[in-house]
Amino acid sequence: MSRPNVVVILADDMGFSDLGCYGGEVDTPAVDQLAERGVRFANFYATPRCSPSRASLLTGLHPHQTGIGVLTNDDRPRGYPGNLNRNCVTLAEVLREAGYATALCGKWHLSSDMWNANDAWPTRRGFDHYFGTLTGCGSFFWPGTLTRGEQSAEHEPLGREFYYTDAISDEAQRFVQRHVHDAPEQPFFLYLAYTAPHWPLHALEEDIDKYEGTFDAGWDELRERRLERLVQLGLLPPDTQLSDRDPSRPAWADEPDKEWQLARMRAYAAQIDRMDQGIARLLATLDETGVRDDTIVVFLSDNGASDEDLPKVELERFRKRHDILRVTTRDGKPVHIGNTVHVTPGAEDTYASYGRAWANLSTTPFRYYKRWVHEGGIATPMVVSWPAGGLAEGDVVRAPFQLTDVLPTIIDATGAEYPDSYAGHTIPPAEGRSMLPALTGADQEAVPLFWEHTGNVAVRRGRWKLVREYGDPWELYDLETDRTELVDLAPEHPEIVQELATAHEKWADRVGVIPWEETLAIYQARGEGDMEAAG
């Protein structure tokens, strides 16, 4: 029996309900087709931040075990190293040992040193071929830390048309075409890690224009429509309640700058649209090369939608982040940094984000955003397609799973072996489990799921979810009847609160969670504050 190819596609900061097949207005026919020919998940979870999610996705471990507890800041010796350590093995390393060709096109964001090749670079962690950015975000027209193999590729966008999302997609296509032509009997693993739709709002004019009028009804009405579609699609139960609009944002009727706000959302949608166009081209390449049926394609987002405002810190300090920010365009024009009604986002000379009100739409019907462990921060769309794999096509998996389950699933499907040791280091067992039974229509019993990020903590066991924002009391929700976390049942069930809190404490000790107070103290000793500690 031939071993399936594997393609893992990761979006960046995309909300639960942005895709068409998850109730959104954005035109995403390629991912929607994957859903039609595959399986969607109603209760799949990432971590609430990009680096930890990537670490967990690639290793099958919780991020704290891999050295990526917050982001890629090096906080040794007391804090996390911010570097993918050697006490874990990546999916690329496992599959390469099993005879796979491996490639990464796109964002890495798992190394604290982005300028000198080291053990935490993709080429040293199982990827034969690498083209992408080592940092977490940046210009889509002239990205910082753009790297090919282990050499800088920051010159490649100069003097020509360049858009990073297209470059990622094109590189992925070329890899598949070249590999199937040169080594048709060898299976491949392609990790396609887009930076879309992470800020800055950089998009092509033709894609932005496509969404003229799409969002004119405003965030209040669109949130209601999205919930209706999510229920119609079978992703949420009929009695699901919509959370209130974020209390810090006005009703759409009272928004004073509607045209500017619409321009922000059109640019955000255009970023997703262009990503989907690239996925369509890749799927066409899989068809043309005759490998589509026996290729596992996984699509998901790395966390909930981002409500982050720009600049994140004082402007002069932000301008020094050369890895993520260009202060001029390729032809020398100044870049307008920040969210201002006087600048329409989208072009290379802008650097903006789409704001909390639109992020609230993206996370429909949930509360909160990226960085939180409430549903809005960790619930992600998850689509798996494998035409020859016997999946329950068109089905919706309702059992809860999380990122630690992806690696065991792919190992199960490919027949690869997860090692006890690798490169002279002992490797802990993967934390997750194979989802193949659920993908093929069988029932799978729920197991406890755990999260911690910047002191925000949660545990889900079956229908119950215990969650706490740092510094606040525990909240308890019955997610079978209250997926949007509106009715706190902690006062009525103190015994469940205690039981789940104890389970979380034991988990945190086992996987090496560093108390958030300790990380804050590290930064306070440096003369820095909570924002710097959180990255």
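See the values below:
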| item | result |
| --- | --- |
| Selection within region 326-351 - closer than 18 Å to ILE208 by Cβ and either among the small types (Gly, Ala, Ser) or assigned to a strand (DSSP E or B) (or both) | HIS336, GLY346, ALA347, THR350, TYR351 |
| Some residue of region 140-156 being farther than 22 Å from THR364 by Cβ, crowded, with 18+ Cβ neighbours inside 10 Å, of a type in the set (Asp, Glu) and touching a residue at least 12 places away in the same chain (Cβ under 8 Å) | no |
| Unmet criterion (only one of (1) under 27 Å from the mean Cα position of the chain (by Cα); (2) of a type in the set (S, T, N, Q); (3) farther than 27 Å from GLY304 by Cα) for GLN498 | (1) |
| Region 102-128: number of residues that are under 27 Å from ALA413 (Cα atoms), surrounded by fewer than 21 Cβ atoms within 10 Å (Cβ to Cβ) and of a type outside the set (D, E, K, R) | 1 |
| First in region 218-240 and over 18 Å from ARG356 (Cβ atoms) and assigned to a helix (DSSP H, G or I), second anywhere and open to solvent by 60 Å² or more (accessible area, probe 1.4 Å) and modelled with pLDDT of 95 or more, Cβ under 8 Å, 6 or more apart | VAL231/PRO238 |
| Candidate set: region 29-82, residues that are open to solvent by less than 10 Å² (accessible area, probe 1.4 Å) and of a type in the set (Phe, Trp, Tyr); chosen: the one farthest from the chain's Cα centre (by Cα) | PHE41 |
| Residues located in region 448-463, provided they are over 16 Å from GLY376 (Cβ atoms) and either β-branched (Val, Ile, Thr) or modelled with pLDDT under 95 (or both) | VAL459 |
| Residue that is farthest from TYR163 (Cα to Cα) [pool: residues in region 329-339 that are out of contact with any Ser or Thr (no Cβ under 8 Å at 6 or more places or on another chain) and touching a residue at least 12 places away in the same chain (Cβ under 8 Å)] | GLY338 |
| Matching residues in region 186-206 - criterion: being of a type in the set (Asp, Glu) and closer than 13 Å to PRO345 by Cα | GLU205 |
| Members of region 5-20 found to be touching a helix residue (DSSP H, G or I) at 6+ places or on another chain (Cβ under 6 Å) and open to solvent by less than 10 Å² (accessible area, probe 1.4 Å), listed by number | VAL6, GLY15, SER17, ASP18, LEU19 |
| Unique match (being small (Gly, Ala, Ser), at pLDDT 95 or above, in a loop (DSSP other than H, G, I, E, B) and within 19 Å of the chain's Cα centre (by Cα)) among ALA270, ALA196 | ALA196 |
| Only one of ALA399, ALA458, ALA392, ALA442 that is within 30 Å of MET531 (Cβ to Cβ) and aliphatic (A, V, I, L, M) | ALA458 |
| Residue ID - most open to solvent (accessible area, probe 1.4 Å), chosen from residues in region 396-437 that are free of Cβ contacts under 8 Å to residues at least 60 places away in the same chain and of a type in the set (A, V, I, L, M, F, W, C) | LEU436 |
| Matching helices (runs of 4 or more DSSP H) fully within region 444-535 where at least 1 residues are within 26 Å of ARG433 (Cα to Cα) and open to solvent by less than 20 Å² (accessible area, probe 1.4 Å) | 494-511 |
| Tabulated pairs, region 473-498, first under 15 Å from VAL459 (Cα atoms), second of a type in the set (S, T, N, Q) and part of a loop (DSSP other than H, G, I, E, B), C-beta under 7 angstrom, 6+ apart or interchain | ARG483/THR240 |
| Yes/no for ALA167 being under 21 Å from the mean Cα position of the chain (by Cα) and either open to solvent by 80 Å² or more (accessible area, probe 1.4 Å) or more than 30 Å from ALA42 (Cβ to Cβ) (or both) | yes |
| Residue match in region 107-127 (condition: of a type in the set (D, E, K, R), without any contact (Cβ under 8 Å) to a residue 40 or more places away in the chain and more than 19 Å from ASN85 (Cα to Cα)) | no |
| Out of THR340, THR363, THR329, sole residue that is open to solvent by less than 20 Å² (accessible area, probe 1.4 Å), in contact with a helix residue (DSSP H, G or I) (Cβ under 9 Å, 6 or more places away or on another chain), at negative phi and polar (S, T, N, Q) | THR363 |
| Some residue of region 303-322 being buried (at least 19 other Cβ atoms within 10 Å of the Cβ) and either within 30 Å of SER2 (Cβ to Cβ) or of a type in the set (Lys, Arg) (or both) | no |
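The values are calculated or read from the model by the stated rules, or taken from the named source; none is laboratory data. Predicted, not measured: the structure shown is a model, and the values here were computed from it. Cβ: placed from backbone, ideal geometry, glycine included. Neighbour counts: every protein chain shown. Accessible surface is based on the protein model in full, side chains and every heavy atom, while ligands, DNA and RNA are left aside. Shrake-Rupley method; radii C 1.70, N 1.55, O 1.52, S 1.80 Å.
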